[in-house]
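The values are calculated or read from the model by the stated rules, or taken from the named source; none is laboratory data. Since this is a predicted model, take the numbers as computed values, not measurements. We place every Cβ from the backbone using ideal geometry, glycine too, and count neighbours over all the protein chains shown.
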Amino acid sequence: MKKIEAIIRTDKLEDLKQAFREVDIVHGMTVSQVLGHGEQKGFTEYIRGQAIETTLLAKIKVEIVCKDNDVDGIVDLIIKSVRTGDVGDGKIFVQPIDHVIRIRTGEKDGLAL
Ligand SMILES: Nc1ncnc2c1ncn2[C@@H]1O[C@H](COP(=O)(O)OP(=O)(O)OP(=O)(O)O)[C@@H](O)[C@H]1O
Ligand SMILES: [Mg+2]
């Protein structure tokens, strides 16, 4: 099992959810509002002529735990639905997951996903 963590633009969450709705590949996800920066280290905003360093930008973090075989399909779907081609499109991290337990039933791993 793997966890796919995607940091995306806030205005792309609806597109991502729609893409997931169209295919039966994602069985659950966690979404958080986060702050972050990448290579460009945020940007400088001008407020009443004064330069304000904005070093952290609002982003959305989407976490999905899935079977190993589904990782490539889900990653492709994320890219297709959120990519604009401009800087700040976000990043996807894939990490191993040891165990999943469904609290209600006690089912484990593949059965709990
Ligand atoms: N190395 C990293 N570690 C943790 N989070 C990151 C990392 N790089 C990017 N992020 C997260 O992803 C968000 C979007 O990053 P962003 O798309 O700007 O990456 P980038 O490397 O600057 O690529 P681009 O040049 O396309 O902008 C950041 O605001 C941050 O939350
Ligand atoms: Mg960037």
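What tally of residues in segment 69-80 results from selecting those that are among the acidic types (Asp, Glu) and farther than 19 Å from Arg102 by Cβ?
2
Only one of these is within 15 Å of ligand 2 (Cβ to nearest atom) and not aliphatic (A, V, I, L, M): Thr105, Thr84. Name it.
That would be Thr84, the only listed residue that is within 15 Å of ligand 2 (Cβ to nearest atom) and not aliphatic (A, V, I, L, M).
Taking interchain pairs and intrachain pairs at least six residues apart, which have beta carbon atoms under 6 angstrom, with the first residue in segment 54-72 and within 12 Å of Gly28 (Cβ to Cβ) and the second surrounded by fewer than 19 Cβ atoms within 10 Å (Cβ to Cβ) and of a type in the set (S, T, N, Q)?
Sorted first by the residue in segment 54-72, then by its partner, the pairs are Glu63/Thr30.
Listed here are the residues, each with its yes/no results for (1) within 18 Å of Gln95 (Cα to Cα); (2) in contact with a Lys or Arg (Cβ under 6 Å, 6 or more places away or on another chain); (3) hydrophobic (A, V, I, L, M, F, W, C).
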| residue | (1), (2), (3) |
| --- | --- |
| Lys12 | no, no, no |
| Gly28 | yes, no, no |
| Lys41 | no, no, no |
| Ile47 | no, no, yes |
| Thr54 | no, no, no |
| Lys61 | yes, no, no |
| Val65 | yes, yes, yes |
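Looking at segment 79-105 only, could you name the residues that are outside any loop (DSSP other than H, G, I, E, B) and either without any contact (Cβ under 8 Å) to a residue 40 or more places away in the chain or not small (Gly, Ala, Ser) (or both)?
Ile79, Lys80, Val82, Lys91, Ile92, Phe93, Val94, Gln95, Pro96, Ile101
When you scan segment 69-94, how many residues do you find that are β-branched (Val, Ile, Thr) and more than 16 Å from ligand 1 (Cβ to nearest atom)?
Selection size over segment 69-94: 2.
State all residues of segment 63-78 that are surrounded by 14 or more Cβ atoms within 10 Å (Cβ to Cβ) and assigned to a helix (DSSP H, G or I); if no residue qualifies, say none.
Asp70, Val71, Ile74, Val75, Leu77, Ile78
Among the residues in segment 34-44, are any more than 18 Å from Leu113 (Cβ to Cβ), away from ligand 1 (no atom under 12 Å from the Cβ) and surrounded by 14 or more Cβ atoms within 10 Å (Cβ to Cβ)?
no
Residue pairs, Cβ under 8 Å, 6 or more apart or interchain, first in segment 33-45 and over 12 Å from Arg9 (Cα atoms) and of a type in the set (Lys, Arg), second at pLDDT below 90 and more than 6 Å from ligand 1 (Cβ to nearest atom). List them.
Lys41/Thr55
Checking the condition closer than 18 Å to Leu13 by Cα and surrounded by 10 or more Cβ atoms within 10 Å (Cβ to Cβ), which residue from Ile97, Ile101, Ile60 passes?
Residue meeting the stated conditions: Ile60.
Report the residue count in segment 16-33 for those that are among the acidic types (Asp, Glu) and either near ligand 1 (Cβ under 10 Å from one of its atoms) or part of a helix (DSSP H, G or I) (or both).
1
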